[in-house]
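See structure below.
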Amino acid sequence: MKVAVLCSGRGSNLKALLEARARGELPHADFRAVLSDQEGAGALDTARMHGIDALTVLSSGFRGDRTGFERALLETLAPYSAELAVLAGFQRVLGRTFLDAFPAGVVNIHPALLPAFPGHMVWSKETAYGVKLAGATAHFVDEGVDSGPVICQGAVPVLETDGPDELSARILKVEHRIFPAAVGWVTSGRVSLSGRTALLRGFSPSEGEEGASLVWPPLDA
Ligand code: GAR
């Protein structure tokens, strides 16, 4: 499946995806292009290092014109014929103009256990709230803010000594584990939706399939 990845920053999730691909874990993901809305994003260097086209459409040129921004994204990505868009640290909310262009959908990684803590700066909100469990969510994107159907989630404890930086570092490790898994399942056509509920086709816990759990770490019911 042809995939375009959109990033806004350092690109550690992009790196996790490309490393998983290099290990042979994403055999059906054909990463065609990486696009950033920020000049000089680290993700662009990562893309070039892996021989993937690195593109830029600056969101700053489209203030107040989301449709224009989305059209520019689609025009720039058009030559790559991507079927799936992967948001790996992309910090813009996207609407129907963009979402409707990808037959296999748009997936995102969010650094919280949705539907708790959508939006930005989640780590300081989590530590200020005093939650004891935090984590990350890979999900399909809809028109809302981090409101699309969940694909899989991973959890970590929040320690008394955690500030936002410590917590974000712990959550990031989970992101790097669950996002490549989610993208692998989507690109191999194994994820279907029953209403909002993601189902993983061919998931057979009794056969002990490595990593094939929609919850990380795997938990007993
Ligand atoms: C990650 O924590 C990702 O979950 C988050 O931005 C960070 C990007 O890091 N995404 C969002 O907040 C989406 N709204 P990265 O550039 O190192 O992958």
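Remarks
- Residue within the range 113-123 that is modelled with pLDDT of 95 or more, surrounded by 22 or more Cβ atoms within 10 Å (Cβ to Cβ) and closer than 19 Å to residue 18 by Cα present: no
- The lone exception for residue 108 - which of (1) more than 10 Å from the ligand (Cβ to nearest atom); (2) in contact (Cβ under 8 Å) with a residue 40 or more places away in the chain; (3) assigned to a strand (DSSP E or B) it fails: (1)
- Hits in the range 84-104 (condition: within 16 Å of the ligand (Cβ to nearest atom), farther than 14 Å from residue 66 by Cβ and in a loop (DSSP other than H, G, I, E, B)): 88, 89
- Residues that are within 16 Å of the ligand (Cβ to nearest atom), part of a loop (DSSP other than H, G, I, E, B) and either under 14 Å from the mean Cα position of the chain (by Cα) or surrounded by fewer than 18 Cβ atoms within 10 Å (Cβ to Cβ) (or both) within the range 1-37 comprise 8, 9, 10, 11, listed in sequence order.
- Matching residues, the range 137-168, being more than 18 Å from residue 199 (Cα to Cα) and in contact with a strand residue (DSSP E or B) (Cβ under 7 Å, 6 or more places away or on another chain): 146, 155, 156, 157, 158, 167
- Qualifying residue in the range 150-170 (condition: farther than 21 Å from residue 11 by Cα and within 12 Å of the ligand (Cβ to nearest atom)): no
- In summary, residue 72 fulfils each of the numbered conditions (1) at positive phi; (2) touching a helix residue (DSSP H, G or I) at 6+ places or on another chain (Cβ under 8 Å) with the single exception of condition (1).
- If you go through the range 120-140 and keep only what is more than 16 Å from the ligand (Cβ to nearest atom), part of a helix (DSSP H, G or I) and among the basic types (Lys, Arg), you end up with nothing.
- Of all residues in the range 119-155, exactly one satisfies the criterion of being without any contact (Cβ under 8 Å) to a residue 40 or more places away in the chain, under 18 Å from the mean Cα position of the chain (by Cα) and over 24 Å from residue 94 (Cα atoms), namely 134.
- Residue list for the range 81-101, restricted to those being more than 15 Å from residue 145 (Cα to Cα) and touching an Asp or Glu at 6+ places or on another chain (Cβ under 6 Å): 97
- Evaluating residue 77 against the criteria (1) surrounded by 21 or more Cβ atoms within 10 Å (Cβ to Cβ); (2) within 26 Å of residue 162 (Cβ to Cβ); (3) out of contact with any helix residue (DSSP H, G or I) (no Cβ under 8 Å at 6 or more places or on another chain) leaves one unmet condition, (2).
- Positions within the range 54-74 being closer than 14 Å to residue 6 by Cβ and either of a type in the set (A, V, I, L, M, F, W, C) or buried (at least 17 other Cβ atoms within 10 Å of the Cβ) (or both), in sequence order: 54, 55, 57, 58, 59, 69, 70, 72, 73, 74
The values are calculated or read from the model by the stated rules, or taken from the named source; none is laboratory data. This is a predicted model, so every value here is computed, not measured. Neighbour counts are summed over all protein chains in view; Cβ atoms, including those assigned to glycine, are modelled from backbone coordinates with ideal geometry.
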